[in-house]
Amino acid sequence: MMTASPQQDAAFGTEQHVWQVLEGVPDPEVPVLSVVDLGLVRSVEIAGDAAVKLEVTPTYSGCPATSLITAAIELALQDAGYTVETATVLSPPWTSDWMSEEGRRKLKEYGIAPPSPCGTRGAGMTIACPQCGSEDTALVSEFGSTACKALFKCNACLEPFEYFKCI
Amino acid sequence: MTQKANDTKAALLEYVLGVADDSLILGQRVSEWLGHAPAMELDIACSNLALDLIGQAQLYYEYAAKLQGEGKSADDLAFLRDGHHFRNHLLVEQPNGDFGQTIVRHYLFMMFHLKRSELLVGSDDKELAAIAAKTVRELEYHLRFSADWFRRLALGTDEGNRRIQDGLENLWSFTFEMFKDVPAETPLYEAGTVPRPSGIEAGWNAAVADLLQEADISPSARKAAPTKGRIAGHHTEHLGHLLAEMQFLQRAYPGLSW
């Protein structure tokens, strides 16, 4: 009707086009981030005219969104005209260090403090408040509303906030 | 396949099932706190801990099912085996008691389980190593959480100290089992496929002794309880009650899925 069929897109069938489609697939728990921002798609392989093979990695072992994410990825690529085969890979294990710079920026704007580099995991880390920027913050709990987030409060603006844990 | 190779494969399957069962049973235990934990943050923390453990159990069960080669799923292994087929350590099936006892159990087990998992990362079995590597960073959070609360309760009030001490007394007898080598696993130790349990004992003892001292808790003089949970499926009565609740749905409605 309004849009041309996907196959008429000049980029169709290229890795670049597949990544472009993937960038439009949001994470169900933090919808401001795409699966690409999170680093969940490990590899893309063009396996034929309109066939794609993907390697997808889970964040946390027990993340309940894992199968939903895989389904969303497959659906988006099917809608774009591809046949898709996804494989789950565990090794090397996903780390929050793989989150893109773009993802970190979007996360902060959304009100969630982005993850520190993994080497700083644990004691002595300073997490800046995503609302007011103050570094005078306190950890409330290392376990939050989803497996990937910890709870903090800001002593300056007194707002509670979530921190995307480094793992 | 030679008899010896078959025996080694069977021992590996039992070992992987043991790690899976430890994760599942402790995850189920921790999940019993949902809606009952002493504070909202702890309730949320318990759901996270349970989720991690059950997710990790699923990865180990999937691998066990593959080793077994009978076309079973992770769910089959979790929900359709009877108590005497479970290979978890007796410690993880012990009841939650109060929150202090739950914290003591989590700490004592995690100090062992994290060390075991770190060694499994170096396994010559690449699939086992990949699963262990996936879990280690999650387990670090479990160990830190339980050690923090151990200190906080023990050093906070006399009541908190008493409860941590009682929890330690109730559970100490079950810690010895974790360091028992299994004769059938000898080829796996020698090949570097799984770590020798007895090799973890000294480091575990030193770490636990440090925390007890720091938290002003006296070491327990209790001796070992029976130690044939992981080796032979001889469990305490608590496992049956846990399984009755956990497995009910699959037993009542076989093949039911979401």
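The values are calculated or read from the model by the stated rules, or taken from the named source; none is laboratory data. Not measured: the values here are computed from a predicted model. No Cβ is skipped: glycine too gets one built from the backbone with ideal geometry, and neighbour counts run over all protein chains shown.
Observations
- Of A:Ser116, A:Ser43, A:Ser34, A:Ser134, all but one fail to be within 14 Å of chain B (Cβ to nearest Cβ) and either surrounded by fewer than 19 Cβ atoms within 10 Å (Cβ to Cβ) or among the hydroxyl-bearing types (Ser, Thr, Tyr) (or both); the exception is A:Ser116.
- B:Arg152 vs. criteria modelled with pLDDT under 95 and out of contact with any Cys (no Cβ under 6 Å at 6 or more places or on another chain): no
- Looking across region A:138-155, the residues that are more than 10 Å from chain B (Cβ to nearest Cβ) and not hydrophobic (A, V, I, L, M, F, W, C) come down to A:Lys153, A:Asn155.
- Counting only residues that are more than 10 Å from chain B (Cβ to nearest Cβ) and in a loop (DSSP other than H, G, I, E, B), region A:77-102 holds 5 of them.
- Filtering region B:174-212 to residues that are in a helix (DSSP H, G or I), more than 23 Å from B:His234 (Cβ to Cβ) and small (Gly, Ala, Ser) leaves B:Ala191, B:Gly199, B:Ala202, B:Gly203, B:Ala206, B:Ala207, B:Ala209.
- Qualifying residue in region B:122-129 (condition: closer than 18 Å to B:Ala207 by Cβ, surrounded by 17 or more Cβ atoms within 10 Å (Cβ to Cβ), in contact (Cβ under 8 Å) with a residue 40 or more places away in the chain and out of contact with any strand residue (DSSP E or B) (no Cβ under 9 Å at 6 or more places or on another chain)): no
- For B:Leu34, the conditions (1) touching an Asp or Glu at 6+ places or on another chain (Cβ under 9 Å); (2) buried (at least 21 other Cβ atoms within 10 Å of the Cβ) are fulfilled apart from (2).
- From the options B:Glu127, B:Glu201, B:Glu140, B:Glu177, residue that is of a type in the set (D, E, K, R) and farther than 30 Å from B:Lys9 by Cβ: B:Glu140
Results for (1) under 30 Å from B:Arg162 (Cα atoms); (2) within 13 Å of chain A (Cβ to nearest Cβ); (3) in contact with a Phe, Trp or Tyr (Cβ under 7 Å, 6 or more places away or on another chain), shown as yes or no for each residue.
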| site | (1), (2), (3) |
| --- | --- |
| B:Glu32 | yes, no, no |
| B:Leu51 | yes, yes, no |
| B:Lys72 | no, no, no |
| B:Ala78 | no, no, yes |
| B:Leu91 | yes, no, yes |
| B:Gln94 | yes, no, yes |
| B:Lys126 | no, yes, no |
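- Subset of region B:181-197 (residues that are farther than 16 Å from B:Thr227 by Cβ and exposed (fewer than 13 other Cβ atoms within 10 Å of the Cβ)): B:Glu190, B:Gly192
- Qualifying residue in region B:138-150 (condition: within 14 Å of chain A (Cβ to nearest Cβ) and among the basic types (Lys, Arg)): yes
- B:Lys134 vs. criteria within 14 Å of chain A (Cβ to nearest Cβ), among the basic types (Lys, Arg) and assigned to a helix (DSSP H, G or I): yes
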